[in-house]
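Remarks on the structure that follows.
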Amino acid sequence: MRKLAIAMALSSTVLAAPALARDGAPYVGAEFGAMIVEDIEFDIGTTDRSIEIDHEYGYDGAIFAGYDLGAFRIEIEASQKRATIDGFQSRNQLFTNQFGTAIQNQRNFDEGFGRTRVRSLMLNGMLDFGDDEGVSGFVGGGVGYGQAKIGIGAFENAPRIIDDEDSGFAYQLMAGVRQALTPNIDVHLKYRFFNMDVDIDRNQEVGLFEAVGGVEGEGRIRTHSLLGGLTFNFGAPPPVIVAPPPPPPVFVPPPPPATQTCPNGTVIPVTQVCPPPPVQAVGPFIVFFDWDRSDITPQAAAILDNAAAAYQQTGQAQVVLAGHADRSGSADYNVGLSQRRADAVRSYLSGRGVPGGAIATEAFGESRPLVETADGVREPQNRRVEITFGPGSGR
C-alpha cells in the first residue's frame with residue numbers, strides 16, 4: 001500500500017496542456033524511467049495470499065512506433081520492466097524434510113533474493129488535446145501480450161522457492177505531457193499503469209526438501225512507472241505564412257463643399273440661404289399742409305412722388321403714415337384732421353404704385369409737434385404727415 005500511494009502521487013504530477021499536432025505523420029521513439037511494483041500476492045493451493053512479494057524500486061523502458069491521425073494516435077510498443085525482490089512473506093508450510101517434518105511455517109523474509117521481469121508487446125491508442133503549438137497533453141491506453149518471469153529465494157545461494165514464468169493478456173493506462181523541441185523532435189513525460197495476471201509453479205524440491213501441498217499459484221503483477229522519452233516525427237505541420245501587415249491607411253481629405261457668394265460678398269455653402277439684404281434707412285419723407293386743410297399741395301406731391309419711387313427701389317413691405325396737426329384747434333378735432341391728412345397721402349401713394357395693403361396710418365393730432373408752441377398758435381411745420389419705411393416705422 002505504501003508503494004501504491006507513492007505511485008498515485010507520481011501520477012498526480014502529470015498536467016494537461018495544448019497539443020502539438022503531427023497530423024498524417026508517422027513517428028518513432030523511446031522512453032525510460034523509474035518503476036514501482038505493487039506487492040504481488042499469490043494464492044497457492046487452497047491458501048489465499050500464500051506468498052506476498054515486496055520489491056525494491058525498478059526500471060521500465062520501451063521503444064515504440066506509431067501514426068498520428070490528428071487528435072488520435074495509434075502505436076505499437078515493446079517494453080521491459082525489471083525490479084529486484086526486497087523480501088517476501090509466506091503464510092503456509094513450504095517444505096518438509098526427508099523425515100516428513102515441516103521446516104517452514106509463516107515467516108517473513110525481509111531480505112529475500114530474486115527478481116521480477118516483465119516483457120510486453122502492446123497496441124496503444126492516444127488522445128491528444130489542446131492547440132497545435134507548444135506543450136501538449138495526452139491520455140490513452142493499450143492492450144497486448146505480456147511475458148513475466150519471477151524468481152524468489154530465502155537465501156542468496158539457495159535454490160529458488162519460485163522460479164517460473166508465465167505469459168498472457170496485459171493492459172495499461174497512460175497520461176502525460178510533451179514539448180516540441182523542433183518541428184520533428186518532441187520530448188515527453190509519461191505516467192504508465194500496467195497490469196498482468198500470472199500463474200506460477202512453486203518448486204517441488206529445494207535441496208533436501210520437498211514442497212508441501214499444491215505447487216501452483218495465481219496472482220497479478222501491477223506496476224506504476226514515471227518515464228521520460230524522446231519522439232522523432234517524420235512529418236511536420238506546414239509552415240505558417242505570415243502575411244505582411246497592410247499599409248497604413250492614407251488620409252484623403254474630403255473635397256471642400258460647394259460654395260456661393262451672396263450679394264453682400266459673403267461666401268457660404270450652397271446648402272445655405274443667403275441672408276436678406278439689410279434694411280436701408282429711407283426717409284422719413286415729410287409733407288406739409290395748409291391751415292385746417294388736408295389737400296395735397298404741388299410741393300407735397302413732388303415729395304410723395306419721390307417717396308413712391310423710393311418704395312419701388314427698396315422693396316420695403318411696410319409703409320407707415322403718421323399724421324399731425326398744430327395747436328390752433330381743439331385736441332379732438334386735430335386728431336381727426338391729422339387722420340384725414342394721412343388718408344390723403346395714402347390715396348396719393350396708392351395711385352403711384354404703392355400697395356394699399358402695405359400702408360398703415362396713424363393719427364397723433366397735436367401731441368407730437370415739430371415746433372413747440374402755445375395752445376391756439378398756428379404753426380405750419382406742425383401741420384404734416386411723416387412717411388417712414390420698414391420695421392419700427394411711425395414710432
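Among residues of the range 259-296 being modelled with pLDDT under 85 and among the aliphatic types (A, V, I, L, M), the one that is surrounded by the most Cβ atoms within 10 Å (Cβ to Cβ) is Val282. The number of residues in the range 300-329 being of a type outside the set (Gly, Ala, Ser) and open to solvent by less than 10 Å² (accessible area, probe 1.4 Å) comes to 6. Listed by first and then second residue, the pairs linking a residue in the range 384-395 that is modelled with pLDDT of 85 or more and open to solvent by less than 20 Å² (accessible area, probe 1.4 Å) to a residue that is assigned to a strand (DSSP E or B) and of a type in the set (Ser, Thr, Tyr), with Cβ atoms under 9 Å apart and 6 or more places separating them unless they lie on different chains, are Val385/Thr361.
Conditions tested, residue by residue: (1) in a loop (DSSP other than H, G, I, E, B); (2) of a type in the set (Phe, Trp, Tyr); (3) more than 20 Å from Asn306 (Cβ to Cβ).
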site	(1), (2), (3)
Leu321	no, no, no
Ser338	no, no, yes
Val345	no, no, no
Glu372	yes, no, yes
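In the range 97-138, the residue that is surrounded by the most Cβ atoms within 10 Å (Cβ to Cβ) out of those that are among the β-branched types (Val, Ile, Thr) and at pLDDT below 55 is Ile103. Taking the range 162-185 as the range and being open to solvent by less than 70 Å² (accessible area, probe 1.4 Å) and part of a loop (DSSP other than H, G, I, E, B) as the test, the residues that pass are Thr182, Asn184.
The values are calculated or read from the model by the stated rules, or taken from the named source; none is laboratory data. On a predicted model such as this, the values are computed, not experimentally measured, just so you know. Cβ atoms come from the backbone with ideal geometry, glycine included; neighbour counts cover every protein chain shown. Keep in mind that these areas ignore ligands, DNA and RNA; they rest on the heavy atoms of the full protein, side chains included. Shrake-Rupley method; radii C 1.70, N 1.55, O 1.52, S 1.80 Å.
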